[in-house]
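**Student:** Shown below is the structure under consideration.
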Amino acid sequence: MTNFPKATIEGYPRVGANRELKRALESYWAGRIDAETFESSAHALRLETYNRLRDLGLDEDYAIPADVAYYDQVLETALTVGAVEGETLDDEFRLARGDSEHAPLEMTKWFDTNYHYIVPEIADDTSFTAHPQRVLKLVEEANKAGFKVRPYLVGPVTLLALSKQAEGATKAPLERLDDVLKAYEQVLSELHAAGVEWVQLAEPALVADLTVATDAELADAAQHAYEVLGGIDKRPQLYVTTPYGAARAGLKALQNVDALQVDLSVGTLGLESDYLDTVANLKVKHLVAGLIDGRNVWAANLRDLREKFETLQKSQPNLSVSTSVSLQHVPHTVQAETKLPVDVAAWFSFADEKVAEVVALAAGPLEASNAYAQADRAVRTRAESSRTHDQAVQERTAALPEGQVQREPAFAERNKAQEELGLPKLPTTTIGSFPQTQDIRNARAAHRKGELNDEQYVEALRNEIKSVIDLQERLGLDVLVHGEPERNDMVQYFAELLDGFVTTENGWVQSYGSRCTRPPIVVGDISRPKAMTVEWSKYAQSLSEKHVKGMLTGPVTILAWSFVRDDVPQSVSADQLGVALADEVSDLEEAGIDIIQIDEPALRELLPLRSEDRQAYLDWAVRAFRLVSLQAKPSTQIHTHLCYSEFGQIIDAVAGLDADVTSIEAARSRMELLEDIDEKFHSEIGPGIYDIHSPRVPSVAEIAELIRAALKNVPVERLWVNPDCGLKTRGYAETESSLRNLVLARDEVLNSL
Ligand code: GLN
Ligand code: ZN
């Protein structure tokens, strides 16, 4: 039997260095290429990846994970073990994306990352029939090209823990463990027959406090699962991984697997201070130390990490090196960046650079002296750079009061002061963005290429703002927005204008399916050299007698959708963003804007996986938001907007933001979230009244019914009427009809009161 490789990674980005997979997927979905062409480009991309990984030093057998997926890794495992039914490529895409007759499966966030997975639904008649062909094909294709890759599956406990109980099902997914294990057994047996010696099973559910089961229950499930799978007569060796945090009860449950990976990133060790000791004392056959942080973009301090490795080696003689999590969360390579300042470029490590770090860490400073010298230099120059440390910013945040801050006066009094806004009952508004038309995109591209000069570009955007304002006037909305045509993205836009950030040209990361984002990077202390949104808002306001909302992205969302620093706690950057945005609020007030929205759609996203870490996070997150509005005049109405998640867990924190008006996603859950909201929420609220994620136009009757449903829990003086989220992904035709119906529905409800 082959030993476990000395160096490996948990997983690798799948989209391709030039987003080849994204292009192939979208071409196939649009009917521009056929299935065969699609498969062959995906095949070429896989082999290119294997070759690259071997060149980077993953040259031992089974060092390369075959964690490939066309859409999502959970979906592919679910198909492989029959947790969902599908044979063909089109079946897979129908499950992920839906079609005219089928709703897609739900999609939700993968642990505390920005990646989204497809949620399998388990019904009583889900048969768990194994479909090993997919993995066998990958193995065969790799063998032919001279690679012994390691098949990747999401492990049985995690697969079930993340699945949803289908409506009408009498059993919870985790109760089907023995059924699903039979499918895993069959897949493993077939892989053994195909000559595979190592298989990877990812069990990140063991590092999170989930609502479906306790830590102890998940550990019991894991204990049982790996006894069963370990007991198979002829099987590959089992490599089980626990990325994204510290496994607790789960560690013991996994002691008997053939190789066990643990996440030893700085972030995880920061939250779980005795984890390294716990891991050192484990009795395992082979330990794989996830020392290279797969979630950030910083060059590793190799010398420090090597010291940890050597200490660990004393009690764990069979020790290998890996990444803490899959590298799917970072861009492909720093090499693709041509515009980064040279000093900064050396501080970064994306996927390919991290692979090289893993290899250097396993080899040691004698073997890989260059890599260590380079890492030393990066660590030193970064610590000393004036880009990372700005005295003035540090002094300003040091002067802030400690603990929670409070806008004065309290809501009730502000609410009185805001009567002067003269808003009608059940005011109508939208969340900010209007459809991003091809014209806007063309103008942006032309401006970037220098074909449009600054003046012409501003002119094009002003025209767009004017037409959005005119449209809202025609529709009869009460509080208007400028439509955000100047923003490529609600975070990137601010990152480009703030000091302390750098943005990349090619730093794409998969968010879901073919969708990629390009997160900015916080490199140092953050400040605002000049106003960022005021000119646009002022112009929009000059076109209308009605109030136009100023529109800002909040500090938590900016951090959640960026790569953050690892040299200061996130709360430090959050405070800095809080005061920078507070300056923007006061500039907006000065320019005559009296309603300002601070979006925090990602508030829930950063919630720590372990429950005892959550309050500390919510404390600094809420504080950062409050800093933004701290100095706002009582008569300035502060709005916030949240979406993408279940808010039950954080509803106290949402109320704690102390906004005057909160708009929140609710249409898909038919206002369920409002049931217990009244006790906790004293401010005004705009539960999203129609789902903008689909082009369907809601009828007047339907919207009116939802408004009435909301009125059961929220008094009429405190209810707003608005869509679920921004409209930038929609077309104008459906947007106009939907908003017209929204205003009509509001009128109808008002008249019947
Ligand atoms: N104001 C933003 C928009 O309308 C909010 C987007 C969001 O919630 N994701 O686009
Ligand atoms: Zn939203």
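**Student:** Taking helices (runs of 4 or more DSSP H) that do not extend beyond the range 145-233, which have at least 1 residues that are among the polar types (S, T, N, Q), closer than 18 Å to PHE128 by Cα and open to solvent by less than 20 Å² (accessible area, probe 1.4 Å)?
**Tutor:** Result: 156-161.
**Student:** Check whether at least one residue in the range 501-518 is over 23 Å from the mean Cα position of the chain (by Cα), surrounded by fewer than 17 Cβ atoms within 10 Å (Cβ to Cβ) and closer than 23 Å to ALA299 by Cα, and report yes or no.
**Tutor:** No, the range 501-518 contains no residue that is over 23 Å from the mean Cα position of the chain (by Cα), surrounded by fewer than 17 Cβ atoms within 10 Å (Cβ to Cβ) and closer than 23 Å to ALA299 by Cα.
**Student:** Another question, if that's okay. In the range 6-44, which residue that is basic (Lys, Arg) and in a loop (DSSP other than H, G, I, E, B) is nearest to ALA356 (Cα to Cα)?
**Tutor:** This residue is LYS6.
**Student:** Taking the conditions exactly as written (more than 20 Å from LEU260 (Cα to Cα) and of a type in the set (A, V, I, L, M)), does ALA216 satisfy them or not?
**Tutor:** no
**Student:** Within the range 47-66, is even one residue buried (at least 20 other Cβ atoms within 10 Å of the Cβ) and at pLDDT below 95?
**Tutor:** Checked against the condition, which is being buried (at least 20 other Cβ atoms within 10 Å of the Cβ) and at pLDDT below 95, the range 47-66 yields no hits at all.
**Student:** Here's something else I'd like to know. Is it the case that the range 440-460 has a residue that's open to solvent by less than 30 Å² (accessible area, probe 1.4 Å), small (Gly, Ala, Ser), within 16 Å of ligand 2 (Cβ to nearest atom) and outside any loop (DSSP other than H, G, I, E, B)?
**Tutor:** Checking the range 440-460: not a single residue is open to solvent by less than 30 Å² (accessible area, probe 1.4 Å), small (Gly, Ala, Ser), within 16 Å of ligand 2 (Cβ to nearest atom) and outside any loop (DSSP other than H, G, I, E, B).
**Student:** Related question: Can you give me the number of residues within the range 465-485 that are buried (at least 21 other Cβ atoms within 10 Å of the Cβ) and either among the aromatic types (Phe, Trp, Tyr) or in contact with a helix residue (DSSP H, G or I) (Cβ under 7 Å, 6 or more places away or on another chain) (or both)?
**Tutor:** Residues in the range 465-485 being buried (at least 21 other Cβ atoms within 10 Å of the Cβ) and either among the aromatic types (Phe, Trp, Tyr) or in contact with a helix residue (DSSP H, G or I) (Cβ under 7 Å, 6 or more places away or on another chain) (or both): 7 in total.
**Student:** If I ask for residues that are within 16 Å of ligand 1 (Cβ to nearest atom), out of contact with any Ser or Thr (no Cβ under 7 Å at 6 or more places or on another chain) and open to solvent by 10 Å² or more (accessible area, probe 1.4 Å), which ones from the range 711-731 would you list?
**Tutor:** CYS725, THR729, ARG730, GLY731
**Student:** Quick check on the range 552-568. Is at least one of its residues assigned to a loop (DSSP other than H, G, I, E, B), without any contact (Cβ under 8 Å) to a residue 12 or more places away in the chain and within 29 Å of GLN510 (Cβ to Cβ)?
**Tutor:** yes
**Student:** May I ask you to list the residues in the range 39-50 that are of a type outside the set (Ser, Thr, Tyr), touching a residue at least 40 places away in the same chain (Cβ under 8 Å) and closer than 19 Å to SER326 by Cα?
**Tutor:** Result: ARG46, LEU47.
**Student:** Ok, one more. What are the residues in the range 325-344 that are of a type in the set (A, V, I, L, M) and open to solvent by 10 Å² or more (accessible area, probe 1.4 Å), if any?
**Tutor:** VAL334, ALA336, LEU340, VAL342
**Student:** Additional query: Among residues belonging to the range 375-391 that are open to solvent by less than 70 Å² (accessible area, probe 1.4 Å) and of a type in the set (Gly, Ala, Ser), point out the one that is farthest from ILE292 (Cα to Cα).
**Tutor:** Only one residue fits best here, namely SER385.
**Student:** Of the residues that sit in the range 234-285 and are in contact with a strand residue (DSSP E or B) (Cβ under 6 Å, 6 or more places away or on another chain) and open to solvent by 20 Å² or more (accessible area, probe 1.4 Å), which one is farthest from MET1 (Cα to Cα)?
**Tutor:** Only one residue tops the list, namely VAL284.
**Student:** Residues that are within 13 Å of ligand 2 (Cβ to nearest atom), at least 3 per element: which strands (runs of 3 or more DSSP E) completely within the range 612-731 meet that?
**Tutor:** Per the criteria, 637-642, 661-664.
**Student:** A further question follows. For the range 45-92, enumerate the residues that are farther than 30 Å from LEU177 by Cα and either among the polar types (S, T, N, Q) or touching a helix residue (DSSP H, G or I) at 6+ places or on another chain (Cβ under 8 Å) (or both).
**Tutor:** Correct list: LEU45, ARG46, LEU47, THR49, TYR50, ASN51, ARG52, LEU53, LEU56, GLY57, LEU58.
**Student:** Restricting attention to the range 588-611, and to residues there that are open to solvent by less than 30 Å² (accessible area, probe 1.4 Å) and part of a helix (DSSP H, G or I), which single residue is farthest from ligand 1 (Cβ to nearest atom)?
**Tutor:** Step by step, filter the range 588-611, then rank; the result is GLU589.
**Student:** Looking at this structure, is PRO120 within 23 Å of the chain's Cα centre (by Cα), under 29 Å from GLU197 (Cα atoms) and in contact (Cβ under 8 Å) with a residue 12 or more places away in the chain?
**Tutor:** yes
**Student:** Scan (1) loosely packed, with under 13 Cβ neighbours inside 10 Å; (2) touching a Lys or Arg at 6+ places or on another chain (Cβ under 8 Å) for the single condition ALA410 breaks and write down its number.
**Tutor:** Unmet condition: (2).
The values are calculated or read from the model by the stated rules, or taken from the named source; none is laboratory data. Bear in mind the structure is a predicted one, so any value in this text is a computation, not a measurement. Note that each Cβ is placed from the backbone with ideal geometry, even for glycine, and that neighbours are counted across all protein chains shown. The protein model used for the area step is the full one, side chains on, heavy atoms only, and it has no ligands, DNA or RNA in it. Shrake-Rupley method; radii C 1.70, N 1.55, O 1.52, S 1.80 Å.
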